[in-house]
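First comes the structure, then the notes that go with it.
The values are calculated or read from the model by the stated rules, or taken from the named source; none is laboratory data. Only a predicted model underlies this, so the values are computations on that prediction, with no experimental measurement involved. With ideal geometry, Cβ positions are generated from the backbone for all residues, glycine too; neighbour counts draw on all protein chains shown. Please note that ligands, DNA and RNA were not included when accessible areas were found on the heavy atoms of the full protein model with its side chains. Shrake-Rupley method; radii C 1.70, N 1.55, O 1.52, S 1.80 Å.
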Amino acid sequence: MNEILWIIMLFLNFSFILLAYKFWGKMGLYLWVAISTILANIQVLKSIELFGIPLTLGNILYASSFLITDILSENYGLKESKKAINIGFFALITMTILMNLSIYFVPSPQDFGHESIKTIFSFMPRLVCASLTAYFISQTHDVYAFEFWRKLLPADKYFWVRNNFSTLVSQFIDTAIFTFIAFWGVFEANYLIKLVFTTYIIKVIIALADTPFLYIAKRMYKKKNI
């Protein structure tokens, strides 16, 4: 069941990105960065098994931010992809501050959501620390690595190389940093190491799966100059 839901989520995730790009162009991609950053850091609190592999949810949403920066780098340049990273930072910090502040409001006798909100968002500061550190380092690597490969292999036929060579390394950096900061002391060390590599395998699949959508986005840009 998890596998079917995961494939559906993967397809919907990339389809929503293309829809946002079609309707709002570059602004739609910035919008998706904010959405994916916030939702991924909520979904990551849920542990699942996928194809017999233990991992946390949220990998698809979080990995989509690498697709966004690659589209922006390819179509608009390094400056625009760096702007997307800053927007992700702002969205995550804003959510963390406001949602943690909401925990301290005294709930009414009729309230039914306080404990659930407290359970999810009281853990968020640690996740945000892990996420921001991993996000900044891995995304910075990704945009500069993509730019390196774009200059080295500028032809359109090497588009998939630029995307995957930059993203696959960045995803491993992100996975290792985030997992150890977020879950050190929560899970045993052996489980953490296993979680890094199993999560990375899933992210490799996601990175390879996003390549056709990257080509579609490039074709949309060339056709409509959005």
Test set (1) over 30 Å from LYS194 (Cβ atoms); (2) more than 18 Å from the chain's Cα centre (by Cα); (3) β-branched (Val, Ile, Thr) - ILE71 fails condition number: (2)
Residues (among the β-branched types (Val, Ile, Thr) and crowded, with 17+ Cβ neighbours inside 10 Å) located in the range 133-146: VAL143
- request: Give just the number: which of (1) open to solvent by 40 Å² or more (accessible area, probe 1.4 Å); (2) of a type in the set (Lys, Arg); (3) in contact (Cβ under 8 Å) with a residue 60 or more places away in the chain does LYS203 not satisfy?
  value: (1)
- prompt: Among the residues of the range 147-159 satisfying the criterion of being surrounded by 15 or more Cβ atoms within 10 Å (Cβ to Cβ) and in contact with a Phe, Trp or Tyr (Cβ under 8 Å, 6 or more places away or on another chain), which is modelled with the lowest pLDDT?
  reply: PHE159
- prompt: Which of the following residues is open to solvent by 70 Å² or more (accessible area, probe 1.4 Å) and either assigned to a helix (DSSP H, G or I) or closer than 21 Å to PHE123 by Cβ (or both): LEU12, LEU18?
  reply: LEU12
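Residue-wise test of (1) touching a helix residue (DSSP H, G or I) at 6+ places or on another chain (Cβ under 8 Å); (2) within 21 Å of TYR191 (Cα to Cα).
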residue	(1), (2)
ILE7	no, no
ALA20	yes, no
GLY28	yes, no
LEU31	yes, no
GLY52	no, yes
ASN59	yes, yes
- request: Exactly one condition in (1) closer than 24 Å to LEU208 by Cβ; (2) modelled with pLDDT under 90; (3) aliphatic (A, V, I, L, M) is not met by ILE68; state its number.
  value: (2)
message: Within the range 160-172, take every residue that is crowded, with 17+ Cβ neighbours inside 10 Å and either touching a residue at least 60 places away in the same chain (Cβ under 8 Å) or aliphatic (A, V, I, L, M) (or both) and give me the one that is farthest from ILE193 (Cα to Cα).
response: ARG162
- request: Restricting attention to helices (runs of 4 or more DSSP H) lying wholly within the range 153-226, give those where 2 or more residues are closer than 18 Å to PHE11 by Cα.
  value: 189-209, 211-224
- prompt: If you take just the helices (runs of 4 or more DSSP H) that sit entirely in the range 49-132, which of them hold at least 2 residues that are open to solvent by less than 40 Å² (accessible area, probe 1.4 Å) and within 23 Å of GLN171 (Cα to Cα)?
  reply: 59-76, 78-103
